[in-house]
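Here the structure comes first, spelled out in structure tokens, and everything after it is commentary.
None of the figures in this text is laboratory data; all of them are computed from the coordinates on show. Computed from a prediction, not measured in an experiment: that's the story for all the values here.
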Amino acid sequence: STPSTGSFQPAYYGTFVSTSNQPNGGATTANTVNFDTAVLASGISITASNRITFANAGQYIIAFELAVTNSAGSNPAIYCWLAQNGTNIANTTSDTQFQGGAGNVLLLEQQWIVNVAAGDYIQIYWSCATTTTSLIYQAASGSPTKPASPARPERVVPQPKAAATSPRADAGSPS
């Protein structure tokens with residue numbers, strides 16, 4: 001069973017964000033999502049700025065949200081997917097069509113359950129054929145006062161054992 005520090009509180013977890021914009025590297029580039037801040041973490045860390053690295057084996061829920069903006073008036077498709085130890089995880093690509101044109105922000109959310117060994121790492125990738133897209137950080141603002149919105153919030157927690165028998169509990173199952 002997964003060790004815990006009490007009722008419903010996992011011993012291994014991580015919440016990571018990016019506080020900077022991340023531009024599209026090119027129309028055919030697989031862009032890694034980078035992190036620069038660990039909000040909370042225990043047993044999970046960020047290495048090489050884009051690897052969610054696990055100190056302990058287990059089944060984990062990877063939940064993330066990409067805040068994407070487009071500086072042009074087009075409505076391109078945005079794709080994102082997961083890789084484990086440098087290899088794309090089958091059937092994890094999700095795509096959505098950007099709507100609204102220039103300056104709007106699209107939130108692309110995914111949640112996956114993955115099996116990892118101690119020392120494994122997961123990376124999140126995104127791509128778009130339009131080079132005017134980027135992951136966007138939104139600074140704190142006033143009227144009323146609101147906190148900043150990271151370009152990339154990420155939460156990682158162990159998969160509870162009771163849910164591990166559900167049909168969606170294998171790697172590659174979207175929420």
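Remarks
- Listed values for the stretch 68-82 are Karplus-derived 3J(HN,Hα) couplings in whole Hz (6.51 cos²θ - 1.76 cosθ + 1.60, θ = phi - 60°), namely 10, 10, 10, 7, 10, x, 7, 10, x, 8, 10, 10, 9, 7, 10, and x replaces Gly and Pro.
- With θ taken as phi - 60° and the Karplus curve 6.51 cos²θ - 1.76 cosθ + 1.60 applied, the whole-hertz 3J(HN,Hα) list for the stretch 18-30 is 10, 10, 9, 5, 10, x, 5, x, x, 4, 10, 8, 8 Hz, x standing for glycine and proline.
- Placed amide H near residue 72: partners under 5 Å, 5+ positions off or other chain: 103
- Here the extension length gained between residue 19 and residue 94 equals 24.7 nm, from 0.36 nm per residue of separation less the Cα-Cα distance.
- Tail weight of P(r) past 16 Å, computed on alpha-carbon pairs of the stretch 62-146, percent: 58 percent
- Long-range HN-HN contacts of residue 56 with modeled amide H, under 5 Å: 119
- Extension gain from residue 107 to residue 74, taking 0.36 nm per residue of separation minus the Cα-Cα distance: 10.2 nm
- Under the Karplus curve 6.51 cos²θ - 1.76 cosθ + 1.60, θ = phi - 60°, whole-Hz ³J(HN,Hα) for the stretch 55-61, x wherever Gly or Pro sits: 7, 10, 5, x, 10, 10, 8
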